[in-house]
Amino acid sequence: MSKVLLEVPVGVSGRHVHLTKEHFQILFGPGQELTKIRDLVQPGEFAAKETVTIVGPKGVLEKVRIIGPLRSYSQVELSRTDSFKLGVNPPVRDSGDHYNSPGCVLIGPAGVVTLTQGVIIALRHIHMPTNEARRYGLKDKDRVNVQVGGERGLIFQNVLVRVHPNYRLEFHVDTDEANACLLNNEDIVQVLDPAGERALSMVG
């Protein structure tokens, strides 16, 4: 059996939108700014008060929250279930990888933005600080398996490791993935060593 490298808290990610400053001001009006309602686990990220309506070929999702801060690209992150309602077929991608992804229409109180691309299903991933990754012999863009216990326990394969000095340790899955195995925010999952031979002791 594979050994356990480390334990990681869970963050369940619901549907949300990232916006550029240009798109935000089209949707909410010139000079408007995001209104923070609560900080997220990852430093600098927050849930905003502002929401938008997403329109696809077959349906609509209302009151979809914007996640701040504003970015250099606009992106819509959905679950597979959400995509059925909209009538789009988004690829499973790391954040920011929009190549050959579908678009949608965003409606805000002040205007409308048509995205030609940017709708994705987020690749499940672990945010990991650099010192923690070094400790367990992992690096940015590695893939690991993650074990979930309980009555509907399972193993998530091909989990992307994202490493940065400012990250806080957190395993991100979308609502479909979480519901499949009864995961909640702050539950603990186990990162497995596929080889079963990697030392569990500190390496640096």
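Laid out as a table, the results:
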{"item": "Percent accessible area from carbon and sulfur atoms, segment 64-204, protein chains only, probe 1.4 Å", "result": "47"}
{"item": "Mean accessible surface per residue for the chain, computed with a 1.4 Å probe while every protein chain stays in place, in Å²", "result": "53"}
{"item": "Accessible area, probe 1.4 Å, largest first, for residues Lys139, Lys58", "result": "Lys58, Lys139"}
{"item": "Dipole of segment 15-110, positive end: most advanced residue of Ile67, Val55, His18 [Cβ charges, Cα centre]", "result": "Val55"}
{"item": "Whole-number percent relative contact order across the chain, with pairs defined as alpha carbons under 8 Å at least 6 apart", "result": "29"}
{"item": "Karplus (6.51, -1.76, 1.60) ³J(HN,Hα), θ = phi - 60°, over segment 139-152, in Hz, Gly and Pro reported as x", "result": "9, 4, 6, 4, 10, 9, 9, 10, 9, 10, x, x, 5, 10"}
{"item": "Listed residue pairs exceeding 22 Å between alpha carbons, taken from Lys49/Lys85; Lys63/Lys85; Lys36/Lys139; Lys3/Lys139", "result": "Lys49/Lys85; Lys36/Lys139"}
{"item": "Solvent-accessible surface ranking, highest first, for Glu62, Glu77 at 1.4 angstrom", "result": "Glu62, Glu77"}
{"item": "Length-normalised contact order for segment 1-109 - Cα pairs under 8 Å, 6+ apart - percent", "result": "31"}
{"item": "Hydrodynamic radius by Kirkwood, which averages 1/r over all alpha carbon pairs of segment 1-47, in angstrom", "result": "14.0"}
{"item": "Heavy-atom SASA rank of Tyr73, Tyr136 (probe 1.4 Å, accessible area, largest first)", "result": "Tyr73, Tyr136"}
{"item": "Efficiency of FRET between Gln32 and Asp140 - r from beta-carbon atoms, R0 30 angstrom, step 0.05", "result": "0.30"}
{"item": "Rounded to 5, percent antiparallel among DSSP beta bridges of the chain", "result": "70"}
{"item": "Segment 57-204: radius of gyration and largest Cα-Cα distance (Dmax), Å", "result": "17.5, 57"}
{"item": "In Å², nearest 10: area of Asp142 left accessible to a 1.4 Å probe", "result": "30"}
{"item": "With all protein chains modelled, accessible area of Ile37 [1.4 Å, Å²]", "result": "90"}
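The values are calculated or read from the model by the stated rules, or taken from the named source; none is laboratory data. The model shown is predicted, which means the values in this text are computed figures rather than measured ones. Because the Cβ atoms are built from the backbone with ideal geometry, glycine has one as well, and the counts that use them run over all protein chains shown. The accessibility values were calculated without ligands, DNA or RNA, using every heavy atom of the protein model including side chains. Shrake-Rupley method; radii C 1.70, N 1.55, O 1.52, S 1.80 Å.
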